[in-house]
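Rule-based calculations on the coordinates, nothing more; no lab input. Nothing here was measured: the structure is a model prediction, and the numbers come from that model. We place every Cβ from the backbone using ideal geometry, glycine too, and count neighbours over all the protein chains shown.
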Amino acid sequence: MKLRNLTLMLVLPLLVAAVPASAQSGKARTEGYYKDIFMNGGIGLNAYPDLPAADFLGMSLEQYSSSERTQLVSLDTVLQTILLVGSPIDENGILLYPDGDPRFRVVYFNGGRAQAHGRSLTEKGRQNIRDFVKNGGSYLGTCAGAFICAKGVSRDTGYVVREDYLAIWPGWTVGTGLENSATGMFVEPGSPLLQYYDFGGDMKIENVRHNGGDYAFMDADVPAGTEVLLRYDGDTLHLKKSIHKKVSAWAWKESDATGRVVAIGSHPERQITGDRLELMSALIRYAADGNGKTKLKGVLKNGETRTMDRKTCEKDPAHTCIGDLQYHHFAVDVPKGVKEITVELNAPELWTDRFDMWLFADESDFAFKSNARYKDVAHGSEKKLTIPVTKAGRYYISVYCATTVDTVQTPYGDQYCGRIDVLNGVPYCIKVSW
């Protein structure tokens with residue numbers, strides 16, 4: 001029996017099996033997100049078991065690897081749909097929390113065939129990626145990942161819109177025509193990548209692998225705010241159409257609320273040393289540093305219970321259930337004369353002891369585990385905090401779901417198991433009173 005057919009038989013048991021602690025990643029969790037990076041090696045894209053720059057940076061990673069492009073089977077579509085489109089156990093896929101907020105800091109798209117992959121995602125999967133960026137998650141794409149982030153391609157005959165692309169950077173790219181080669185890259189003066197590394201101090205990175213990639217079309221219709229990161233050194237390539245000094249890497253962030261889109265037309269992703277490793281690491285860091293700002297679910301009122309029990313399909317993110325390792329942030333405006341406030345967290349009937357929910361509060365900033373002055377991290381979901389009021393004004397409160405899935409590594413990437421019941425969200429009620 002072929003491995004892929006055997007794997008299909010194992011998918012459902014894996015979804016409910018427990019795994020030992022030794023199977024879990026030892027990397028630190030990032031506050032506000034489930035993990036740092038999801039690497040997409042899906043249908044039409046290159047598939048790798050790891051990302052050296054993520055290991056170099058100490059960032060947590062999950063990935064999906066499809067079969068080789070010439071050996072695709074039905075299981076590839078099934079798994080990709082479960083992960084990136086959605087399924088009954090995870091309605092909007094693993095990139096998004098139940099309320100549509102990003103579950104990872106960065107989604108990384110490998111090289112490969114942009115149109116083939118975009119088509120395989122279906123419109124629902126493509127919209128999930130757009131929502132991921134719109135709601136604050138960042139995107140990094142290399143080669144095909146740089147093509148697919150755009151609206152389409154620019155040719156001598158005009159623009160060609162690609163309906164299967166993501167358009168999360170609303171610009172155009174141009175194919176280089178360069179196959180199975182490498183180029184140098186000039187670091188743009190003032191490039192934001194220089195805040196992370198100096199790349200040897202000579203403003204140039206040599207021998208970056210290139211295979212059918214692209215560059216950003218900058219002659220017209222360039223999205224406002226597009227940042228030039230790098231340019232090709234193609235002076236000695238003798239191509240039919242020169243790519244010398246064309247923009248090889250660029251970035252764009254629509255607003256403070258959205259994530260940052262970072263793209264490069266070449267392939268630095270497999271590098272394990274030197275300037276090229278630092279290049280990929282800098283691209284990841286710049287993407288991650290561009291996550292959308294933390295936002296409030298709402299402002300709580302004295303004595304009013306707020307119920308958070310809606311599902312994804314109900315399209316009410318302000319009242320939707322919380323996901324694994326997610327924070328829901330609230331505020332309360334306390335008037336003069338109040339001596340203390342009480343914050344109560346409760347679960348609906350039948351949910352009380354099924355999940356661990358933590359409660360945090362702070363009088364100066366969004367309340368995370370790392371900075372909150374007041375906290376209750378006991379097991380279960382019933383919590384109560386009594387907070388002395390030292391001054392009138394705004395106080396910050398957060399609910400955190402500490403229950404999460406387990407993962408096991410398989411030939412097609414990371415598979416969830418254990419507490420998969422958390423993926424569609426956990427309902428709760430919160431009340432502030434004085």
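Taking the average, over residues, of other Cβ atoms within 10 Å as the packing measure, peptides 80-88, 269-277 rank 80-88, 269-277 from highest down.
Counting every other Cβ atom within 10 Å of each residue's Cβ, R126, R113 order from fewest to most as R113, R126.
Is there a quick way to get the dipole size of segment 296-371? I mean about its Cα centre, with the Cβ of Lys and Arg at +1 and of Asp and Glu at -1; what is the value in debye to the nearest 20?
Details: 10 positive and 14 negative charges, 43 e Å.
It works out to roughly 200 debye.
Calculated on the alpha-carbon coordinates, the convex hull of the chain measures out at 155 cubic angstrom per residue.
Relative to the dominant Cα principal axis of the chain, helix 3-16 is inclined by about 20°. Here's the list of aspartates and glutamates a cross-link from K253 could span, going by alpha-carbon distance under 13 Å and ignoring same-chain residues fewer than 8 apart: E227, D289. In order along segment 224-236, the phi-based Karplus estimate (6.51 cos²θ - 1.76 cosθ + 1.60, θ = phi - 60°) of 3J(HN,Hα) comes to 4, x, 5, 9, 8, 9, 8, 10, 5, 9, x, 5, 10 Hz; Gly and Pro are listed as x. Of the residues H379, H244, H210, the one with the fewest other Cβ atoms within 10 Å heads the list, and the complete ranking is H379, H244, H210. Considering only I341, Y97, A47, and ranking their Cα positions along the charge dipole of the chain that arises from unit charges at the beta-carbon of Lys, Arg, Asp and Glu, the one farthest toward the positive end is I341. Going from the residue with the fewest nearby Cβ atoms within 10 Å to the one with the most, E179, E206 rank E179, E206. Using C-alpha pairs below 8 Å separated by at least 6 residues, the relative contact order for the chain is 17 percent. Find how many whole Å separate the alpha carbon centroid of segment 28-65 from the alpha carbon centroid of segment 228-297. Cα centroid to Cα centroid, the span is 17 Å.
Which lysines, if any, have their Cα less than 26 Å from the Cα of K301, not counting same-chain residues under 8 positions apart? The qualifying lysines are K293, K311, K315, K336, K339, K369, K375, K383, K384, K391, K431.
Compared with the dominant principal axis of the Cα atoms in the chain, helix 114-134 is inclined by about 40°. Between 0 and 90 degrees, the angle of helix 274-288 with respect to the longest Cα principal axis of the chain falls at about 40 degrees. Straight-line reach from K240: taking Cα to Cα under 14 Å and skipping same-chain neighbours fewer than 8 places apart, the aspartates and glutamates in range are D156, E179.
Among the GluC sites (Glu not before Pro) in segment 322-416, those located in a DSSP loop and surrounded by at most 14 other Cβ atoms within 10 Å of their own Cβ are E349.
Please give me the summed charge of the neighbours of P268: other residues whose Cβ is under 10 Å from its Cβ, Lys and Arg +1, Asp and Glu -1.
Values: positive: R209, R270, R276; negative: E269, D275, E278.
Once all neighbours under 10 Å are counted, the net charge is 0.
Annotation for segment 222-265: trypsin sites (Lys or Arg not before Pro) lying in DSSP loop with at most 12 further Cβ atoms inside 10 Å of their Cβ are K240, K241.
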